[in-house]
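Novice: Structure below; questions to follow.
Computed from the coordinates by the stated procedures, all read-outs in this text should not be read as laboratory data. What you see is a predicted model; the values in this text were computed from it and never measured. Cβ atoms come from the backbone with ideal geometry, glycine included; neighbour counts cover every protein chain shown.
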Amino acid sequence: MTDLFFLDEETPNEVQPTWPAWKILIVDDEQDVHTITVLALKNFDFEGRNLHFYHAYSAQEAKQILQHEKDIALVLLDVVMESEHAGLKLVRIIREELHNLTVRIVLRTGQPGQAPEQKVIRDYDINDYKSKTELTASKLTTLMYASLRTYRDIIVLEKSKLGLEKLIVASRGISSRGALSKFISVTLNQVVNLLNLDSTVIFSCETNAFEFDGKKFTVYSLENDDLETESVSLEELPAEKAEILLQAFNKKANVFHHSCLVMYCANQTNTILFYAKVEHPLSQLDRHLLNIFTENLIVILENIHLNELITSSQRELLYRLGEIVESRSNETGNHVKRVAFYSELLAQLIGLPEEEVELLKIASPLHDIGKMSIPDSILHKPGKLTGEEWTIMQTHAQRGHDLLCGSQLMVMDIGAIIALSHHEKWNGSGYPSGLEKNQIPIYGRITAVADVFDALGSDRCYKKAWPLADVLQLLEQESGQHFDPRLVKLLLDNLEKFLEIRDRFVDK
């Protein structure tokens, strides 16, 4: 991806982002100390953020506040309160019990002798030690700058670490093996996750993805974890959204406003723009992480394109191989394509995972590959086979399995299972192993229904195509005998979808 850039221009009416105040906890049993501290710092601000004070008059009150408010930047802590070392005990609680290592702690004491400075600095995880008498307004201001700078840097490091962890998780969660829609769906979820770096506050985030062909957008939105799409023209989009999308598309780079962004991802065939509108200003860290995330997305999107090319080539190769087998046995070449799409549809209807559905679709054309080893005199015989010939014909299931297994390719392994099991029968009377019911692999059961449904309705060297009514009657008769009854019911209940496939791949 070429030069990622930040869009610094702001429209005249645009409201500038405001950041929350720094949280300061004053812990002291003297009311005057609270009052004087607040007065001394009433006009203080650091990096455009003022101060918000919390007040505790005992170590116990301070503990309760710290348990509830996780992002306090600085504790100004008295040593002697309800007990002589109440402040020092609170330091231990903050660091060891509350496990808060980010808050800065400055001890303030009016009785330095009761808590010697060197001993306290050495033995307690504090950041400064001051006598109340030396903390003039000027020195208190200096102390605030130093403490808040340190706290800011620690938080940036913590958020960077958290952000990088989320970046790794987000990138791992987006696979290049799935379809483009899956890539978009998972990415939309991960963008929201990545922007919520602060575990104490969850920001709402409006997200969409836009696939753009230069004229119109396909808009992808997540609704209850379902990805919904609609086609819209540029003119139908809100002006602000259209403007930032076009900027990203024309620049071929990420674009950031203070509260919205577009991430630009493209491969050779797809341009995807991920849009997000957030309710909090985007920090430099947010932008940096999103830029890195985008670079990962582009790699994944390119891998999706390469996987699609490989899958398409692999599918075409297996179709051609299946067609060679079918043409050798004087059967229609389109048979393998119809069986592939019938198998895909049955697998979807019965609820197989998406990845398995795709593999089954690719592998099913290999169901009869074992026929390559059957002699022509048997394969092309127009009449009924003798007992000996039928025994030889049945060997094609095992031979097909033996040809395909052991390749270490999942699609070939599934093809081997199909080749071996697609002539098994639900009642156990099939071959080669006499398996029954759920002993028969689901891939074989699905391909068996798809294969017979198409074979009966197609011309073969030994028969004419059956009328559709006769095909359906046989399927009903063989439901629970030859075929898995669930699969037969799914085919009959969705017959129009199967007929659409049949009509799409008509024999010529």
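Novice: Of Val255, Ile94, Gln481, which is farthest along the charge dipole of the chain in the positive direction, counting Lys and Arg as +1 and Asp and Glu as -1 at C-beta?
Specialist: Gln481
Novice: Could you work out how much longer the chain between Thr102 and Asp507 gets when fully extended? Use 0.36 nm per residue separation minus the Cα distance between them, nm to one decimal.
Specialist: 138.5 nm
Novice: Using the per-residue mean of other Cβ atoms lying within 10 Å as a proxy for protection, in what order, highest first, do the peptides 473-485, 444-456, 285-297 fall?
Specialist: 444-456, 285-297, 473-485
Novice: Of the cross-linked pairs Lys251/Lys337; Lys277/Lys361; Lys252/Lys361; Lys182/Lys251, which ones have a Cα-Cα span greater than 31 Å in the structure shown?
Specialist: From the list (Lys251/Lys337; Lys277/Lys361; Lys252/Lys361; Lys182/Lys251), the Cα-Cα distance tops 31 Å for Lys251/Lys337; Lys277/Lys361; Lys252/Lys361.
Novice: What is the distance, in nm, between label points placed 7 Å from the Cα along the Cα-to-Cβ direction at Leu321 and at Arg95?
Specialist: 6.7 nm
Novice: What length, rounded to one decimal in nm, is gained on full extension from Glu240 through to Lys381, with 0.36 nm per residue of separation minus their alpha-carbon distance?
Specialist: In short, 43.6 nm is gained.
Novice: Using DSSP, restrict attention to beta bridges with both residues in the chain and report what percent are antiparallel, rounded to the nearest 5.
Specialist: For the chain, the DSSP antiparallel bridge percentage is about 60.
Novice: Still on this structure: Under 19 Å Cα-Cα from Lys159, which aspartates and glutamates qualify once same-chain neighbours fewer than 8 residues away are excluded?
Specialist: Partners within reach: Glu47, Glu69, Asp71, Asp198, Glu279, Asp286.
Novice: Something else about it: What FRET efficiency would be calculated for the residue pair Lys132, Glu206, taking the C-beta separation as r and a Förster radius of 51 Å, to the nearest 0.05?
Specialist: So, using R0 = 51 Å, E works out to roughly 0.55.
Novice: Simple spin-label model, 7 Å along Cα-to-Cβ: Lys42 to Glu117 in nm?
Specialist: 3.1 nm
Novice: Angle check, please: helix 334-350 long axis (alpha carbons) against the longest principal axis of the chain (alpha carbons), in degrees 0 to 90, nearest 10.
Specialist: The two axes meet at around 50 degrees.
Novice: Using a cut-off of 19 Å between alpha-carbon atoms, which lysines can reach Lys464, once sequence neighbours fewer than 8 places away in the same chain are excluded?
Specialist: Lys381, Lys384, Lys508
Novice: How high is the FRET efficiency between Leu495 and Glu436 when r is their beta carbon distance and R₀ equals 30 Å, given to the nearest 0.05?
Specialist: It comes to 0.65.
Novice: Follow-up question, since we're still on this one. With axes computed from alpha carbons, what is the tilt in degrees of helix 354-363 against the longest principal axis of the chain, rounded to the nearest 10 within 0 to 90?
Specialist: Here the helix axis deviates by roughly 30 degrees.
Novice: Pairing the Cα long axis of helix 31-40 with the longest principal axis of the chain, what angle in degrees results, from 0 to 90 and rounded to the nearest 10?
Specialist: Taking the Cα atoms of the chain, the angle to 31-40 is about 80 degrees.
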